[in-house]
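The values are calculated or read from the model by the stated rules, or taken from the named source; none is laboratory data. Bear in mind that the values here come from a model prediction, so they are computed numbers and not experimental data. Here Cβ is always computed from backbone atoms with ideal geometry, including for glycine, and neighbour counts include all displayed protein chains. We work out accessible area using only protein heavy atoms, side chains counted, and drop any ligands, DNA or RNA first. Shrake-Rupley method; radii C 1.70, N 1.55, O 1.52, S 1.80 Å.
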Amino acid sequence: VPATRVELTVSCRQLLDRDTFSKSDPLCVLYTQRPGSHQWREFGRTEVIDNSLNPDFLRKFILDYCFEERQNLRFDLYDVDSKSPDLSKHDFLGQAFCTLGEIVGSAGSRLEKPLTGIPGKKCGTIILLAEELGNCRDVATLQFCANKLDKKDFFGKSDPFMVFYRSNEDGTFTICHKTEVVRNTLNPVWAAFAIPVRALCNGDHDRAIKVEVYDWDRDGSHDFIGEFTTSYRELARGQSHFNVYEVVNPRKKMKKKKYLNSGTVTLLSFAVEAEHTFLDYIRGGTQLNFTVAIDFTASNGNPSQPTSLHYLSPFQLNAYSLALRAVGDIIQDYDSDKMFPALGFGAKVPPDGHVSHEFPLNGDASNPACRGIAGVLEAYQRSLRRVQLYGPTNFAPVVNHVARSAATVLDGSQYFVLLIITDGVISDMAQTKEAIVNAAKLPMSIIIVGVGQAEFDAMVELDGDDIRISSRGKVAERDIVQFVPFRDYMSGGPGAGLSMAGLAREVLAEIPDQLLSYMKARGIKPLPVPP
């Protein structure tokens, strides 16, 4: 499921003039690649703008945007000389390559690039603007109570709950919300609940919403108390006499002449606000800070042996380098300074051979940042020749290292992502859990990529997807860890590119929601897009 849809607007400035008597008549063609494929496919074309070297194209490109994929784009410009759709019949004016993430991650989601492709000529610039398409992102928060509901239980009172349905174009109903059960009362007050407006009425404010009220039974044979219908427009009036509904059981109404209703349901409160998306924060200037931590423990095997996970072959990247590249290539589009702190843990480091669990790969303790992913790879390979693999495998020091940085910027302007690449044999589980529980309050996420063939049970536990992680009775307030075993993506051979795209997808899929969960918990709104 794509995270969202993005509309791209294309403009160019100072295009080459290929026409003798008038100015060029430019057209822009967009090409995309399928994940893992290197083949360019035409995605679409703008209209042709006559006689302009500074066109602002009206026809826009609408793309599905996925944070966790590297979405390569190529823009080709042509000077159109005839009605022919065949591009080889027209003059080429230059081209530009970028990723969708690069556009979105630029200030104000606006990227300017020089056009290239004609040797020895300046081809002008292309300006790309990305805007998220509004697909009704409003979220409504509603609270209801009921009075004098029918008593359905032989011994106590009823245990009421409500089920909400939205109506479809064809008159059928789709369930969209169930309240909790309030036990043993005919006058329940249900907890307030939030629901996307899309889910309630699919954007049509007058469409019927049907609500059924039931008495809960342990065996699942819940007793029907009655029903009422309303609409989003009516609910949006908030608490008023309009929003008191008679709960009616049609079968009782048919049978009994004197039947009035089976109780009433009252809307206690109604509020609506726009749900912010990951892109709102990125466009408002939130930066992702990316830190890498690499496992230098002896369990990885001697780096000079081809069996070692750290073996540096002249012919291919090892698992550590591949994982670093796959994730780093995507995340670097969202980091404006492209400087990535890189740490190692579990090795004896020069000059005195003491064991360190957070040493800088570039050898500079005051500034462990490397330039670009290429810089991190280079520092990693240099470190392998300098340090002695040792142990134990302690994660807590690198988690706390990044947490210290994250704790200094809590205002939502920065979000920290720590990538730990490890062979998975962890020695300080209790301390790591404690560090993660503390980090869950901070603007940070942790990605663990497990390399090698070990059992990764401990890593799965840290991931906390099934059971939220806790330490000394304190439960982490957010799930901030994502674990992925690298071997699931190791195909080698010609399909290796595809599996690396798959690895990056899996590793990064949870980051947007984790960032949103932090912002929401702290009540941080995205900043407006800079002009």
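Please go through region 175-192 and give me each residue that is in contact with a strand residue (DSSP E or B) (Cβ under 6 Å, 6 or more places away or on another chain), open to solvent by less than 50 Å² (accessible area, probe 1.4 Å) and polar (S, T, N, Q), ordered by number.
Within region 175-192, Thr179 is the sole residue that qualifies.
Hey, among Glu434, Glu461, which residue is of a type in the set (Asp, Glu), open to solvent by 30 Å² or more (accessible area, probe 1.4 Å) and touching a strand residue (DSSP E or B) at 6+ places or on another chain (Cβ under 8 Å)?
Going through Glu434, Glu461 in turn, the sole match is Glu434.
Test each condition in (1) surrounded by fewer than 22 Cβ atoms within 10 Å (Cβ to Cβ); (2) modelled with pLDDT of 90 or more; (3) within 19 Å of Asp411 (Cα to Cα) for Ala440 and report the one that comes out false.
(1)
Being in the same structural domain as Leu361 (by the TED database), free of Cβ contacts under 8 Å to residues at least 24 places away in the same chain, more than 20 Å from Ile294 (Cα to Cα) and of a type in the set (Gly, Ala, Ser) is true for just one of Gly502, Gly473. Which residue is that?
None of the others qualify; the one that does is Gly473.
For every residue, the table says whether it meets (1) exposed (fewer than 13 other Cβ atoms within 10 Å of the Cβ); (2) in contact with a Leu (Cβ under 8 Å, 6 or more places away or on another chain).
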site: Asp138; (1), (2): no, no
site: Phe144; (1), (2): no, yes
site: Leu149; (1), (2): no, yes
site: Asp153; (1), (2): no, no
site: Gly156; (1), (2): yes, no
site: Phe164; (1), (2): no, yes
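Residue under question is Ala107, and the condition is that it be of a type in the set (A, V, I, L, M), open to solvent by 60 Å² or more (accessible area, probe 1.4 Å) and outside the structural domain of Asp335 (by the TED database); does it hold? Give the derivation first.
Details: of a type in the set (A, V, I, L, M): yes; open to solvent by 60 Å² or more (accessible area, probe 1.4 Å): yes; outside the structural domain of Asp335 (by the TED database): yes.
Yes.
Of the residues that make up region 281-293, is at least one surrounded by fewer than 21 Cβ atoms within 10 Å (Cβ to Cβ) and either over 33 Å from the mean Cα position of the chain (by Cα) or closer than 30 Å to Ala236 by Cα (or both)?
Yes, there is a match, as at least one residue in region 281-293 is surrounded by fewer than 21 Cβ atoms within 10 Å (Cβ to Cβ) and either over 33 Å from the mean Cα position of the chain (by Cα) or closer than 30 Å to Ala236 by Cα (or both).
I'd like the full set of residues that are small (Gly, Ala, Ser) and farther than 23 Å from Gly344 by Cβ, limited to region 403-455. It would help to see each step written out before you state the result.
If we filter region 403-455 for residues that are small (Gly, Ala, Ser), which is where we start, we get 403, 405-407, 412-413, 424, 427, 430, 435, 439-440, 445, 450, 452, 454.
Answer for region 403-455, where residues must be small (Gly, Ala, Ser) and farther than 23 Å from Gly344 by Cβ: Gly412, Ser413, Ala440.
Please state which one of Leu93, Leu100, Leu77, Leu129 is at pLDDT 95 or above, under 21 Å from Asp333 (Cα atoms) and open to solvent by less than 70 Å² (accessible area, probe 1.4 Å).
Leu100
Condition first: within 33 Å of the chain's Cα centre (by Cα), farther than 16 Å from Ile175 by Cα and in a helix (DSSP H, G or I). Now tell me which residues in region 200-250 satisfy that.
Arg233, Leu235
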